1. Below 23 Å, Cα to Cα, which lysines can B:LYS321 reach? Residues fewer than 8 away in the same chain don't count.
2. With a Cα-only, solvent-free Debye model of chain A, what are the log10 I(q)/I(0) values at q = 0.08 Å⁻¹?
3. Which value in Å does the Kirkwood hydrodynamic radius of chain B take, with 1/r averaged over all unlike C-alpha pairs and then inverted?
4. Treat each spin label as a single point 7 Å out from the Cα along the C-beta direction, and report the B:PHE305 to A:ASP58 distance in nm.
5. Going by average Cβ density within 10 Å per residue, which order do the peptides A:307-320, B:176-189 take, highest to lowest?
6. Please compute, for peptide C:226-239, the average count of beta-carbon atoms on other protein chains lying within 10 Å of each residue's beta-carbon.
7. Do any trypsin sites (Lys or Arg not before Pro) in segment A:58-162 lie in a DSSP loop with no more than 14 other beta carbon atoms within 10 Å, and if so, which?
8. Find the relative contact order for chain C and round it to a whole percent, using C-alpha pairs within less than 8 Å whose residues are 6+ positions apart.
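Nothing in this text is a laboratory measurement; each read-out follows from the coordinates by a stated rule. Please read these numbers as outputs of a predicted model, since none were measured by experiment. Because the Cβ atoms are built from the backbone with ideal geometry, glycine has one as well, and the counts that use them run over all protein chains shown.
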Amino acid sequence: MAEAAIELVGINKSFGTVRANRDINLVIERGSILGIVGENGAGKSTLMSILYGFYQADSGEIKVGGKAVAIKTPNDAIAHGIGMVHQHFMLVENFTVIENVILGAEHEALLKSSIAKARSELERLEREYGLEVDPDAVIEELPVGLQQRVEILKALYRGAEILILDEPTGVLTPAEADHLFRILRQLKEQGKTIVLITHKLREIMAITDTVSVMRQGTVVATRETAKTTVEELAELMVGRRVLLRVEKGEARPGAVKLSVRNLTVRDSRGVTMVSDVSFDVRGGEIVGIAGVAGNGQSELIEAVSGIRRAVSGSVMLDGAAIEVTGHADPGELRDRGLAHVPEDRHHVGLVLAFEENENSILGYHDKQQYLNGPFLKIDAVRDDARRKIEKFDIRPPDCRLRTANFSGGNQQKIVLARELEQDPGVLIVGQPTRGVDVGAIEFIHKQLIAMRDRGKAVLLISVELDEIRSLSDRILVMFDGRVVGERGPDATEGELGLLMAGVESQEAAE
Amino acid sequence: MEFFEALINILNSTIRVSVPLLLACLAGLYSERAGIFDIGLEGKMLAGAFAGAAAAAVFGSAWIGLLVAVLVSVALALVHGFASITHRGNQIVSGVAINFIAAGSTIILGQAWFNQGGRTPSLTADGRFGAITLPFADQLRDVPVVGQIYSGLLSGHTLLAYLAFLAVPFTWWVLFRTRFGLRLRAVGENPAAVDTAGISVAWLRYRAVICTGVLTGLAGCYMSLSQNAGFVKDMTAGRGYIALAALIFAKWKPVPAMFACLLFGFLDALSIRLQGTPLPIVGKVPVQFMQALPYVLTVILLAGFIGKAIPPRAGGVPYVKER
Amino acid sequence: MSTPYTKLPAWADYGLIPLINLLVAFAGAGLVVLLVGENPFRAAAILVEGAFGSGTGIAYTLYYATNFIFTGLAVAVAFHCGLFNIGGEGQAYIAGLGVGVVCLAFDHILPWWLTFPLAILGAAISGALWALIPAYLQAKRGSHIVITTIMFNFIAASTMVYLLVGPLKPRGAMAPQTRQLVEGGQLPKLGWLLSDFGLTVRPSAPLNLSFLLALAMAFVVWLVVWRTRLGYEIRTMGHSSKAARYAGISETRIIIITMLISGALAGMMALNPIMGDQHNVSLDFVSGAGFVGIAVALMGRSHPAGIVPAAILFGMLYQGGAELAFEMPNISRDMIVIIQGLVILFAGALEHMFRPTVQAVFASFSPKSVGIAPPRAEGA
């Protein structure tokens, strides 16, 4: 066995009451590729940010080459030969490649010799690792794959011996990803140590030597890649948690209420996030969409609810089209009985600076029941809010309190009360219990089941697999912008985990 | 030949009125390229003009005036930095505040110290920067065209004027050929990239606003120690804003900034020159129209009708480390 | 920024912290007074005496306050939508044209009580129109409204100079201003109102009917912002454009409507000096009131109930400042400009500077009530 390049001993890190990392011990061997897998929020990125000096651990020790070191800033990390390729590239978009490479690593006040040195160094790196890129190209004109290569070059130029890559393939095409893996293997052969953070098990199997699985802030297992299977990893990743039992009867699906056909959506950078997705949601059923965050679920529900414009495709609500590729108006969709509990309640679903009662009409503020000509019927609004507070047990029961002062669970209840009390025919719910306390989770789940039992169509998006499994009557799995499979509510965690990690779809494609 | 002489004259006054614009515009360039918007150029320039004139009057030396002007202007720039870098306050609000503080205190202090209705005492030759005659300018005065341009247009300006125009290639060189310039441009585009590269975002931005302070100090100095022989209240009269307009017009680049300032200066010189004289074809152009033209042009530019002015991407946004 | 700040009792949030900011601003001004060799406390006493010591003083104070209520409301309405309208100065200046045209046309024919509503319309419409182009450019083309409104201030100044030295100047007159308005273009003075309280007010004191209009507008702004659907949409947009889109609110429409309202309010400021006091349209009649509005709005925390007292405070500074200049020749009315700047700096750009300290003090008394919230960890 080779010596340890890095050793993490007893690392702890809390953000407020959330323990992002607890008692983490990890050994990274020199000249190997270590994979770290885990669901969203398992603490992978936090751990690596500590290693790179972006955060400080509350306790614990970092050893580089056997010696304990203090890494307080990225500078310290760089000095110890640690380089990082961030998930969101840390590049200056209107700079050239070479300018980005030398930024922060210029060796004197004038750029000329730094540039000359970087140029020859880049040539060397290109020769040795096949990392070719035009040093004078401007970043924003390069494809994403090449931008990432610049990030790798930046780290290598700084003499990185240990390279951390955070979800490196998220933005890459399969061909680009394969190229990246070739590069990583080459780097390994040259004696570099590589840490690969990902949630895609296929990548782990394809390239790593060892793999550590993280769950809820701890490392739950470390395996030699050759001696494990995707099934085992998937199980370790999602864990054998006690399924939250939700009392629900048999679904009685009725007519199709929401019908999505060939929907394609791009994000603001022009990256295709949803490609050619089709599905139906019937009255009286809950359709859950499972998937690791960032695989297009957010953009999907934004397009369906009229917040984000789709590139192509169609959506029918109760048999009538929604102008998803044109000027769909969320207000008009509400009138047609489409309610939406957005994923981001802090910036989208609520205005935190508003009083509770003001948020209880957000989006419905133009309904006649709240208006008297141009004026808001403030008493009607507040009475209405008080009624919802009582019905949904929102605490504290004060409709004049600033929304920011409610707990996460109660904030979510405010949104839910608002949307459900309009008695919509179709309900789209994103991450209904994110940041919500256990007591409220049960309440929220019961409300969603009740909606279903009243014959409404519910489309549920959640990164919590438990939640999807306990609520849904049908489960769709999204990976890389596509629906890669449909399963019944009895699907096992391992089965869904594999789909979420893109394993089956990739095998089918190959 | 008479037309040519008139042209030389008008271009000469164009240069004179462009100098403070140019210095202030380059000042704004350093700050805004680093991602700190600065609508307080006007105030810093005014404070510099006052401080320079006051110190020059007291000590009888233009050089001491210059030093004090720069110090005062830098101090105000640091206030802006303190509010917008350290306390992540609103950069526009902070800039507005500095303009008012400068406008009020120059008058109050001027009146209190010198009792001349807000003016500083008239400066003697020692307290001012005199005109510099370039070598052989006098001998070449009568050589047609080349000589006239040399001695009538290029020669006879003050040190600060030459400095202002030298500051253009210098700024270009700093921005694009030095480590400081590279980092400065980077921090205005993507401070997170700078931070992860192990460079302090705050210290870098502070250095940028100090550069701004130095240059606005020089701009103020030029007005009170070169163009005029002392400080008059509100003597910058909106030049800080024109400089800001020129900066946008130049798309935050040094050489275009020079041309933008010369263009706006030319409009100014022309409007003084043409007061009341009818032009061929268009007839009499109201002087106010010429005065408003820089602002109108900037609005049209901002509207995206003549190319797009894309400000530094991180401009106006305080940097918060959390991801 | 949209990050919610840690909790403090409301009285600390809305009372204590603004008060600390204001005190620091005044301390800064006091320092300047010291610097010019005067006693700041005596200066303050003279100032207050000049502003409130006599009926005439109060009338002047309220006259100036009238201007600042209008411009303060203008800035505040835009703030509620997340917009910074620095163009109040220009909007008010151009509105002088609207008021002037109406008055010049009707002051011979109509009594003041008929001219006044027409002039209000003239002021509001011309002010609003001057705000329309920056608003449109912001909403449709993303041009930064701060820069465009600054530019429009200068364009307004040039336009008004051109008109006042040219077309609007009576033939043969020397001064760059319109002719004097006759009775139909003059608003009644309100000095008698103060006389009813037993104060003596010189008949020349300029407090006039537009003060009541300003108070009415403060109420209307409160009504619109907090009690109408439009105000609800404006505030939603101001806090979060994402929430606004989610709620089906059109960004373009709201930005334009808000700026029209803001421009109209700034424009109404023109009524006060033109119809209420000097009875003509003259060069630079706005004299910085548009900018004072920024300080007033920041100090009044964009709420009419805060703006009116803040405007009166600045009215006091203006009137008392004039008196101060008599008593202390070293201090002119420009002292107010410094105070204004310091208020903007401490109540605006540095508004949160003292918050951590205040929080720490509160926390040391009762750690629980402050509830210093842990930063949320997301996507760890």
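1. A:LYS13, A:LYS44, A:LYS72, A:LYS154, C:LYS7, C:LYS242
2. Summing over Cα pairs of chain A leads to -0.58.
3. Kirkwood radius, chain B: 20.4 Å.
4. Result: 6.0 nm between the two label points.
5. Those peptides, ordered most packed to least, come out B:176-189, A:307-320.
6. 5
7. Those that pass, being in a loop and sparsely packed, are A:LYS72.
8. 34 percent
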